Structure formats: C-alpha cells, structure tokens
Amino acid sequence: MDPRASDDLTEAHGARDRARPDDGPGGAGVSAARTAHTVEQYRDHVLTLVSPLAAEQVGLDELATGAPALRVLAQDVRSLLDVPRFDASAMDGYAVRSTDLTTASAASPVTLRVVGDIAAAPTSPGSPDALPAGSTHGPGEATRIMTGAPVPEWCDAVVPVERTSTRRFVAGAPLDATIQVDAPSRPNIRYRAEDVAVGDLVAAAGAPTTARLVSAAASAGHATLPVHRVPRVAVLSTGSELVPVGTAPGPGQIPDSNSLLLAACVRDAGGVPVRVGAVPDTAEALRAVLDDVAPHVDLIVTSGGVSAGAFDVVKDVLSGPQDAALPAAGPSDVLLVTVGMQPGKPQAAARWRGTPLLGLPGNPVSAYVSFQAFVRPAVRRLAGHPGPAEPLVERVAAEGWRSPAGRQQFLPVRFVGARGVAPLGPGGHHVSALTRADAIAVVPSEVEAVGPGDTVHVMVIA
Ligand SMILES: Nc1nc2c(c(=O)[nH]1)N[C@H]1C(S)=C(S)[C@@H](COP(=O)(O)OP(=O)(O)OC[C@H]3O[C@@H](n4cnc5c(N)ncnc54)[C@H](O)[C@@H]3O)O[C@H]1N2
Ligand code: MOO
C-alpha cells in the first residue's frame, strides 16, 4: 500500500524510516512521505500530539486581574461555605414576627415597638452566625435591620422600610420608637445555603475562569483555584528573505510579519507566546534554534518552508535525523501532509526532542488560517479546554462566491446587516482582506459555489 495515497495517519508515522521520495516537485532529499488529509483528519492528528498541562493553584486575585486569557479548571471545585452563610435580610427595613402582622390592613394598621438595631456586620467577629445585639424580642416588637444582616431566630419576615410609617431611613437620625405597618409582609429573607450548600459543586473541571466563576469561588470560601498551566508556545519564521520588523528590507527581502501574527494568535488562544523571530533557511540555523527552544516550551509553531521548494528547510530538517547523541531525541513521528483546504495546503506535524511542533505554510493568510484550524485547537487543549474549538456560527451569504472542488475553503468575510456575510474578494488570499475581515467562512469541500441566501458557517475571529 502506498502511504502517499493513504488517509490512515498511522501510515505516515516513522515515514522517514521508509525513505521514499516526496510526492511534490522539488522534493529531492526529502525522506518523509507526504500524505493527503482532510482538515478533520489532520486536526485529529495534531490533537494527539498535545495533552492538557499540569494543574497549579492560582490566586483568585491573579485570575481576576492578571493576563486577560481565561484559565481552565483542572479539578471540580466544591463549596467550602454555605451561600448565603446565614439567614440574612434581603431588605433594609424591620425584622418582625409575621404573626404580629396577620391582621394588618390599610384601614387597621398594626403598631410595633422598635426595640433594637441590626447592622449588616455581625456584632461578634469570627462568629457571624451568632445572634446580633437587639435580638431579644417579644410580641408586638420589631428590630431595625439592614440588607445582608443576619436575621435573628425569632424573626420570620422583614418589612421593607418604605412599607412602614418610617418610609425611609435617614443617616444619624434616632430610631423611631414605634412604626405602623398596614399589610402582612413577605419573608424577604435569603435563607442559609439556599444558593449553595457546603460540598455543592461550584464548577466542574474544564470550566473557564470567567468573572462569574472567580466571584462564585470567593463566595464559596476559596482563595485559589486549581487551573491548568498556561501553554508556552514558541513562534518562529523561516526564510532567508525575512528581516526583523523595523529594519528596511533590501532587494528581495520582506519584513517578518508572520512571527508577530502567530505570536498574537497564541496570546488570543490563551497561550504565552515566545517569539523567536526569523531563522534563515539553513538546516544548521533551524536545528540550533529548535534545540534551544524545545526544552522551554509546550509547543513550537513555525511558518514557511513546508512546501515543495528547494530551500524548504522545515520540511528537510524535520524529516532528517535529530541528533541521537543529545538527550530526549526520541523517535521521529514526522507527518508532512497535504491538507484538503484552501489556503493552508502544506502542513507539517512532528516532535522536536519530545516537544510538539506544527509547521505552517509561509503565506500569511495561509499561516493565519492554519493557526485557527490546527494550532488554536492544540493551544486550547494544552490549556485544558475540553472542547478544542469554539462552535462555528451560522450566517447567510449576502453575495455568492466560488469554492474549490475537493478542498475546504477558509475565506475571509465581512459581516453585512444583522445576519449576513460577504466575501472579501477577489483578494481573499491577501493580507489586506484578512485585516478587514470579521470572520472566516468555512465552506465544506464538496461545495463548489455558495449562492446568495445560502447558509454558511463562519469562525468569528478576534
Ligand atoms: N511547486 C509548488 N509550490 C508551492 C506549492 C506546491 O504545492 N507546489 N504550494 C504553495 C502553497 S499552497 C503555499 S501556502 C506555499 C507555502 O510555502 P512555504 O510554507 O514553503 O512558505 P515559503 O515558501 O517560505 O513562503 C511563502 C510565501 O510567504 C511569505 N512569507 C514566508 N514567511 C513569511 C513571514 N515570516 N512573514 C511574512 N511573509 C512570509 C514568503 O515571502 C512567500 O511569499 O507554497 C506554494 N508553493
Ligand atoms: O495552501 Mo496555500 O496555503 O494555498 O496558500
């Protein structure tokens, strides 16, 4: 069976050991077979290279105010406290016994004597459930109480101040000696543990540390949460034509924009980018950089050098031997593939001294689309997200466009009206289109034309 014609991923593993020529032009000297994959098959393979990173305890303050990316819970979190912690007033008003008010009406208001005052803070620190001052109470008596204050045992209702003859509390004013109430009262009490009881699940492993989760964890008595470590992702560009940003390009040279593009994509996906910059197209230079970064990161992403050119160094270095004399040079599991997508056709996946490596094509739009299709799911998996990709969103084509037969199309589109999208053509493969895009339309490989009014699925992008 010829592995070049196979969709079976296992055929490609260790392909260099079988030393067969590349199927593309200019492939002389390349020893890994290039296989054809669908987007889904290749994404599945990429995801086998990564697993969720170890857990660490991170303070809630850091989770709320630190790096903008959400972390992911590594374990279920259960409540250490009852929420509310004690029966508490839901209103500013008067704590009463409801039996005192059963006959109250507008025609015949009930008068209660005010015998105490309960503020929102407990009277004995460290014992918030203890009865506060002003808790002695007899029939026909009421106690002023503030929202959130512990409700004394004898009280089964709080009458809001505006439903009493007091109408409103004035700071510094003396307590009214008596009040009139002209209707029975609802309880207006938040009961102990009615929201969450000790031991209840606050959030399950896999939940992102949203503002809501961080505050729920604080209410539940936690100071830290167990979250997966943030993936560190090295980003490097290959190409002798590349010059660092800010350096005027000479003849035949271009600024290295991809390492910035991909570093920012890593950040947006929830990782920490380690931007290495541009590496010249020599095997020695690339090997040295890979050896340097591999021990310090969880994933390496390269751009350029994966197609059929005579200087496509990523392809050559990955499929060549990794120095067995150095530590952790495990067996190569290099996969050089042609993915049925446009753009983003040539891709490479491997491990460099044990660290997963994804090689993306150099064309900036191809690199961007490849990142969204393959690297973002990998970064999300490392970060612990249970779903590697966000669901696509349904939109309606405001205009039609063509899509290549047999390839899944990733086309930059702009939003039109409330539900529509329009292609950013004819230069959808140009960086200028990407810059103006609101989303990337993902058109299935069997669709050759999208018509106006057709439903399309889009990836909403940052
Ligand atoms: N004979 C064939 N040629 C090509 C094929 C093929 O199948 N047969 N595939 C084409 C496709 S599709 C793509 S995509 C590219 C991918 O090529 P590489 O990944 O090897 O990338 P390079 O050749 O290094 O660069 C392509 C292009 O992108 C520009 N580039 C590269 N790096 C950067 C960077 N860091 N910042 C900005 N721009 C960058 C580079 O200058 C080139 O213009 O191959 C086709 N060829
Ligand atoms: O597949 Mo290339 O990535 O078309 O531009």
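With the Cα gyration tensor of region 393-460 giving a ≥ b ≥ c as the square roots of its eigenvalues, does the rule (a/c under 1.5 for rounded; else a/b larger than b/c for prolate; else oblate) give rounded, prolate or oblate?
oblate
Find the centroid of the Cα atoms in region 72-120 and in region 409-441, then give the distance between the two in whole Å.
When both Cα centres are located, 56 Å separates them.
To the nearest 500 deg cm²/dmol, what mean residue ellipticity at 222 nm is calculated for the chain from DSSP H runs of n ≥ 4 alone, each contributing -39,500 (n - 2.57), summed and divided by the residues?
Calculated at 222 nm, the ellipticity per residue is -4500 deg cm²/dmol.
What is the magnitude of the charge dipole of region 393-460 about its Cα centre, with +1 placed on the Cβ of each Lys and Arg, -1 on the Cβ of each Asp and Glu, and no other charges, expressed in debye to the nearest 20?
Taking the Cα centre of region 393-460 as origin, the dipole is about 180 debye.
How large is ³J(HN,Hα), in whole Hz, for each residue of region 386-398 in order, when computed from phi with the Karplus curve 6.51 cos²θ - 1.76 cosθ + 1.60 and θ = phi - 60°, using x for Gly and Pro?
x, x, x, 9, 6, x, 6, 10, 7, 9, 10, 5, 7
Return the sequence-ordered ³J(HN,Hα) values of region 186-203 in whole Hz as given by the Karplus equation 6.51 cos²θ - 1.76 cosθ + 1.60 applied to θ = phi - 60°, using x for Gly and Pro.
5, x, 6, 10, 8, 7, 3, 6, 5, 8, 9, 9, 3, x, 5, 6, 8, 7
Taking θ as phi - 60°, what are the ³J(HN,Hα) couplings along region 104-115 by the Karplus curve (6.51, -1.76, 1.60), each to the nearest whole Hz, with x for Gly and Pro?
Listing the rounded values in order: 5, 8, 4, 6, 9, x, 9, 9, 10, 8, 8, 10 Hz.
Which far-off residues, 5 or more places away or on another chain, put their amide H under 5 Å from the one on GLY384, with H placed in the peptide plane?
Result for GLY384 returns LEU53.
Using 0.36 nm per residue, how much length does the chain from VAL416 to GLU399 gain when fully extended, once their Cα-Cα distance is taken away?
That works out to 5.1 nm of additional length.
Let me check I've understood the local charge: for CYS265, count other residues with C-beta under 13 angstrom from its C-beta, Lys and Arg +1, Asp and Glu -1. What total comes out?
+3
Determine, for each peptide in 305-318, 266-279, 436-449, the mean count of other beta carbons within 10 angstrom over its residues, then list the peptides with the highest first.
The densest-packed peptide leads the list: 305-318, 266-279, 436-449.
Hey, got the dipole for the chain? About the Cα centre, +1 on K and R Cβ, -1 on D and E Cβ, debye to the nearest 20?
480 debye
Can you bin region 240-377 into rounded, prolate or oblate? Criterion: square roots of the alpha carbon gyration tensor eigenvalues sorted a ≥ b ≥ c, rounded for a/c under 1.5, prolate for a/b above b/c, oblate for the rest.
rounded
Just add up the charged neighbours of ALA310: K/R +1, D/E -1, any other residue whose Cβ is under 10 Å from the Cβ of ALA310.
Residues near ALA310 contribute -3 overall.
Any idea how far the Cα center of region 346-408 sits from the one of region 241-269, in Å?
That distance is 20 Å.
Could you please report the charge total around PRO346, scoring K, R as +1 and D, E as -1 over all other residues with beta-carbon less than 10 angstrom from its beta-carbon?
+2
Read-outs throughout are calculated quantities, based only on the coordinates presented, and are distinct from any laboratory measurement. Quick caveat, the model's predicted, so the values are computed rather than measured. A quick note on method: Cβ atoms are made from the backbone with ideal geometry, for glycine too, and the neighbour counts reach across all protein chains shown.
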